[in-house]
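Any read-out appearing in this document is the output of simple, stated calculations on the displayed coordinates, not a laboratory observation. Since we're looking at a predicted model, the values are computed, not measured.
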Amino acid sequence: MENKIKNKLIIALLAIVVILSSIIAYMIMTRKEHLNTLTGTVIVSTKNYVIVSSEDEDYLIYNVINDTYDIGDKLEIRYKEKNIDKSESPYSVKTESIKLIQKVENDNEEESTTKNEIDSLKKPTNEDVSIPPTNKPSQGEDYKQPADKEVLGYFEKLKNEFDSSTIKDSIKDGFTTVVDFLFYGEMIGGNTFKELSDNAKLKVLEMALYFDEKIEKYFPGYKESISTSSSKVYTTIKNEIVSTYLNIATKVCEKDEELCKNAKRGFYTIKKNFGLTWSLIKEIAGDGISNLKNWYEIWSGK
């Protein structure tokens, strides 16, 4: 008798488990098929995709082939939960429908210069970033200009000092030398930053980020102290390095396919090693939102 009761209880429990599992599975499937709605402003627009910024996140929308949107347009996007990939930044979304809810006014579309662009004109790197047309073959991985070898040698030597088991105060001088070389027109071994090949420029910028991170670690507050006692600014160097790298990478991608691939690989390493986020890239772009399209191409490696 007792065995019969136990068997009935087991069967009942199994039935409950099956029913609950079915309900949970149904709810998950329903949730995945449920249409979500988001509204946002277009911050990047191409013929193949747009990036939309909402209050809480940015979304990369691929299936926009039938429409052309301008930066500043406001869109309403409907999508299924199963069609959003939150492992990427910005989130990647395949939409069910896109509706234009507000068209941007075009009167101010062609501004002569943004605030960020005006600031950049005052910096020595503005001249350095411009890359004139050339008939030389791709630079690839080689550093052929005389300035490259000397400057990279200095950077490698400084890196060894940063990596030494005994950190000396002298590396602080090396750090300021690097910053002054990159952004204030100073020389290393009689060479200026603009004399370097494009490949070497990208390499020294990547190494400069490493130096900046180490200075923050070993000498916290040092950049603030030298900024207050000098007309030069050292506290925003990380942002300046990233911005300069992205601008140079954008330029070389317009003229040199092989070097473009190298630049994108280099930036992938930078992202990974220094924890760069898409939100930081947007912050650096600031008012110069027109930069974001080209910067996203470098950021994503596309």
Sequence gap of 8 or more, or different chains, plus Cα separation below 14 Å: how many lysine pairs satisfy both in the range 176-250?
6
For the range 145-302, what is the relative contact order in percent, using Cα pairs closer than 8 Å and at least 6 residues apart in sequence?
20
Mean shadow area of the range 202-251 over all directions, Cα convex hull, nm²:
3.6
Find the Cα radius of gyration of the range 237-288, compare it with 2.2 N^0.38 Å by division, and give the number to two decimals.
1.14
Report the gain in length on full extension from residue 230 to residue 265: 0.36 nm times residue separation, minus Cα-Cα distance, nm rounded to one decimal.
9.0 nm
